[in-house]
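Derivation of every value follows stated rules applied to the coordinates shown; laboratory data play no part. These figures come from a predicted structure and were not determined experimentally. In this analysis, Cβ positions are derived from the backbone assuming ideal geometry, glycine residues included, and neighbour counts consider all displayed protein chains.
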Amino acid sequence: MSSPALECVNVSKTYILGRDIEVKALRNVSLRVDKGDFVSIIGPSGSGKSTLLHIAGTLDRPTSGRVLIDGVDVTELSESKLTAFRKNKIGFVFQFFNLITNLSAIENVMLPMLLSRRYTLREARLKALYLLRLVGFPEDRLRNTPNRLSGGQQQKVAIARALANNPTYILADEPTGNLDVSSSAEIIATLKLLNSFGNTIIIVTHNIELARVTNKILFMRDGCIYEEAPRSFLEHMPMDESTLDAKRKIQLEMLKLERENIERLFKNRLISSEAYEKALKSIEEKELKVKQ
Amino acid sequence: MITLLYLIRYAMRDLWGKKVRTGLTALGIAIGIASLVSLFIVSLGLRARVGESINTLLGSSIIVRMRNSEPISIYVVHLLSNIPGVKKAVPVIIGSGLVESNNAFILAVPIDEIQSFQTIINGSSISSPRALECLMPKESATRMGISIGSTVRVVTQYAQEGVSFKVVGLSEVGGLLQAALAGPASVVAVSIEQGEKLLNKRGVADMILIRVNDPSNVSRVVNAIKLTYPNLAVSTEEDVLNQAQSILNTIDAVIFTISAISIVVAGVGTMNSVTMSIREKIREIGVLKSIGTSPAQILFIFLTEGVILGLLGGFLGSVFGIGLGYVVIKQVLPRMFRFEINLPFILSPEPFINGLVIAIAASFLSSLLPSLNASRIRPVEALRYE
Ligand SMILES: Nc1ncnc2c1ncn2[C@@H]1O[C@H](COP(=O)(O)OP(=O)(O)OP(=O)(O)O)[C@@H](O)[C@H]1O
Ligand SMILES: [Mg+2]
């Protein structure tokens, strides 16, 4: 029953920015997502979530390690094989919806089906219609282009489009990142429903509500992936005494500059004496706080 | 097939979505193509006209001159007419003078030959060799206020006090050839006997026109003349045509250089437009690739955009160009110079098709590079692009 949809084995990704400067976006990440899973990946900004998603989506290649999708090792496939692979096996949902601007809602959903050449125009249209109904897209907006749709509606179209070719899994990068609370709730419910219908979904999110409805939450930090939440995200970022001291110095120097500025303004009669007193008092209070 | 249509539709919507830019780019192409097509039409007319006037003047005749451009003794005329195959040798005297104080070109030929040089549209030809009668082009007669029956005073270097001639006929304004010979001066035709006196060329001719019995004999006659009289220069219609052709080719080269520059400008415009359109769509290209659009399909989309621009511009430009060519031939050229240039306006599909093909080829080539770049965009980078 639980055959793997995605397997990442010791995947690393290193960006080389210049001589001696490299960013280790992923460090030896191993991950297995089974068919039917609903997995969320959470973690701070810059922890490598998008990078992992791009590699899982064959948009990018790992520096080392292997990626298996539906049992096929795609690590070394040629660009054109990858294009075909993406078309038939992977659905993407993005934070900024990324619909094709000059195609209508229904045409956006039809596009992957027509690109795959497996559907006739009629079939594609009908299936697009079903998919849009499934995600709760309003039927009177089918012919609207994306610029005449709300964010929530656009994201529904994007989800329907991701499902078009019955992908092995859907990858969603912060699908609610650009939506208000109620639209987010709708999208979350929709994804949950689609998963209950057997679709495998992998999402990256900052939205705890969304993470909570998934079957499995993975945590990322500094390019590493954890099954359990690291004891505390904050625990890993203490400020040591020396940096704290340096920051205090900066704050004091800045306040000194403020004070000089206020005095100059007062001397040149550019502010009233009350304003001067008030500003001075606030600066003194801040200085006290630093020294405590 | 459906996929291709879908991609074409994508390209068309993209262009339709930015009508102003599309329109301006197509207009740029149209201007280049219009200049090319109109010049092409003028050149076609020019060629037809030159061929025609050389043909009416010469037909299967042969022109004989002295190699050193000296006058030829009239005695040679008799010798030449005895060569087998020669029907007739016609002496021709040419020179310049003043008619009513205007510069004029004097053409003197035997009166029975005058009509093969000048087409009379009003009046009659010269009545007798001794008559003090002349023919003038209608246009210059009108300009000087001269009509049939008027008397004009012809002055030359050798007849300084002038000789009065009665204008008996008005000729068609000479073709291009005549314009090239006489420039803005008018051509006054008189009998050869009067010409001898006016130009002091008694017993000589400037050139001899030889008519042959049978057009297929021309080359044989030419060879015979060359053999017997090595110091005579012989030219046939073909030689003159070839000479004219090489002049026309030079004109064409200039014309097409100008056109090529405008096409390059239009091509750069298209390249700019397609590049801009790709710049704006980097993210969307990333999305297209992420849902499985292949590089070849991306290439196809943007090449299609370029070709549609070319098609639009080429069609507009060809139509404009044909109109412009018509205006130039019918309105501008006849009035631009002091002598009239009347070229035939030849409406053939050739300029239209040429314009269209060149526009499409130019826009295809100029959108190739940006489109290739677009097809090579890596989806990850495109998706991170803001
Ligand atoms: N093309 C690139 N070149 C260099 N460094 C990159 C590139 N793409 C990403 N990075 C770096 O890799 C690290 C991981 O980036 P990534 O986008 O995966 O983070 P993320 O977890 O998705 O962050 P966020 O939550 O803000 O989207 C970051 O430090 C980022 O600066
Ligand atoms: Mg990200």
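What separates the Cα centres of segment B:17-69 and segment A:1-77 is a distance of 66 Å. Kirkwood radius and radius of gyration were both taken over the C-alpha atoms of chain B, and their ratio Rg/Rh is 1.23. If R0 is 30 Å, the Cβ-Cβ spacing of A:Asn147 and A:Lys81 corresponds to a FRET efficiency of close to 0.30. Residue by residue along A:95-105, Cβ atoms of other protein chains within 10 Å of the local Cβ number 4 on average. Using a Gaussian network model of chain A whose springs link C-alpha atoms within less than 10 Å, name the residue from A:Val23, A:Val204, A:Val11 with the highest mean-square fluctuation. It is A:Val23. Candidate cross-link partners of B:Lys330 among the aspartates and glutamates, defined by an alpha-carbon separation under 19 Å and a same-chain spacing of 8 or more, comprise B:Glu52, B:Glu139, B:Glu172, B:Glu340.
Since only B:Val274, B:Val357, B:Asn342 are under comparison, the one whose Cα sits farthest along the positive direction of the charge dipole of the protein assembly as shown, derived from C-beta charges on Lys, Arg, Asp and Glu, is B:Val274. Counts of other chain beta carbons within 10 angstrom of each beta carbon in peptide B:377-384 average 4. Residue-wise HN-Hα couplings along segment A:262-267, as the Karplus relation 6.51 cos²θ - 1.76 cosθ + 1.60 with θ = phi - 60° gives them from phi, are 4, 5, 5, 4, 5, 4 Hz; Gly and Pro carry x. Here's the list of aspartates and glutamates a cross-link from A:Lys278 could span, going by alpha-carbon distance under 15 Å and ignoring same-chain residues fewer than 8 apart: A:Glu258, A:Glu260, A:Glu263, A:Glu287. Put +1 on the Cβ of every Lys and Arg and -1 on every Asp and Glu Cβ in the protein assembly as shown; which of B:Gln118, B:Thr142, A:Leu265 then has its Cα farthest towards the positive end of the dipole? Of the options given, the answer is A:Leu265. Couplings for segment A:196-203, taken from phi via the Karplus curve 6.51 cos²θ - 1.76 cosθ + 1.60 with θ = phi - 60°, read 5, 8, x, 7, 7, 10, 10, 10 Hz in order; Gly and Pro are left as x. Listed values for segment B:69-86 are Karplus-derived 3J(HN,Hα) couplings in whole Hz (6.51 cos²θ - 1.76 cosθ + 1.60, θ = phi - 60°), namely 6, 6, x, 9, 5, 4, 4, 4, 4, 5, 4, 5, 5, 8, 5, x, x, 7, and x replaces Gly and Pro. Using the alpha carbons alone, the radius of gyration of segment B:68-230 stands to its Kirkwood radius in an Rg to Rh ratio of 1.00. The charge dipole of chain B, taken about its Cα centre with unit charges on the Cβ of Lys, Arg, Asp and Glu (plus for the first two, minus for the last two), comes to roughly 980 debye.
Would you calculate the volume per residue, in Å³, of the smallest convex hull containing every Cα atom of segment A:8-49? Each step should come with its number before you reach the end.
Details: hull volume 3.0 nm³, N = 42.
So the per-residue Cα hull volume is 72 Å³.
Amide hydrogen proximity for A:Val93: with H placed 1.01 Å from N in the peptide plane, the residues at 5 or more positions away or on another chain lying under 5 Å are A:Leu171, A:Ala172, A:Asp173. Placing unit charges on the Cβ atoms of the charged side chains and taking the dipole of chain B about its Cα centre, the candidate lying farthest along the positive direction among B:Leu98, B:Gly325, B:Asn55 is B:Gly325.
Legend: distances between Cα atoms for B:Lys87/B:Lys138; A:Lys13/A:Lys49; A:Lys81/A:Lys156; B:Lys87/B:Lys226; pairs beyond 23 Å are B:Lys87/B:Lys138; A:Lys81/A:Lys156. Taking amide H as placed 1.01 Å from N in the peptide plane, A:Ile41 has its amide H under 5 Å from the amide H of A:Ile203, A:Val204, A:Thr205, A:Leu218, each at least 5 places away in sequence or on another chain.
The angle between the Cα long axis of helix B:237-280 and the longest principal axis of the Cα atoms of chain B comes to about 20 degrees, rounded to the nearest 10.
Taking Rh as the Kirkwood radius computed over C-alpha pairs, what is the Stokes-Einstein D of the protein assembly as shown at 10 °C in a medium of viscosity 1.306 mPa s, expressed in µm² per second?
Details: Rh = 33.7 Å.
The Stokes-Einstein estimate is 47 µm²/s.
Please return the longest stretch of chain A lacking exposed loop sites, where trypsin sites (Lys or Arg not before Pro) count only if DSSP places them in a loop and at most 11 other Cβ atoms lie within 10 Å.
Details: sites that count: A:Arg19, A:Arg117, A:Arg143, A:Arg231, A:Arg269.
So the longest stretch without any such site is A:20-116.
Taking K and R as +1 and D and E as -1, what net charge do the other residues with C-beta under 9 Å from the C-beta of B:Ile291 add up to? Combined, the nearby Lys, Arg, Asp and Glu give +4.
What is the mean number of Cβ atoms from other protein chains located within 10 Å of the Cβ atom of each residue in peptide B:281-291, rounded to a whole number? Each step should come with its number before you reach the end.
Details: counts 3, 0, 4, 5, 0, 3, 12, 4, 6, 15, 17.
Mean shielding by partner chains, rounded to a whole number: 6.
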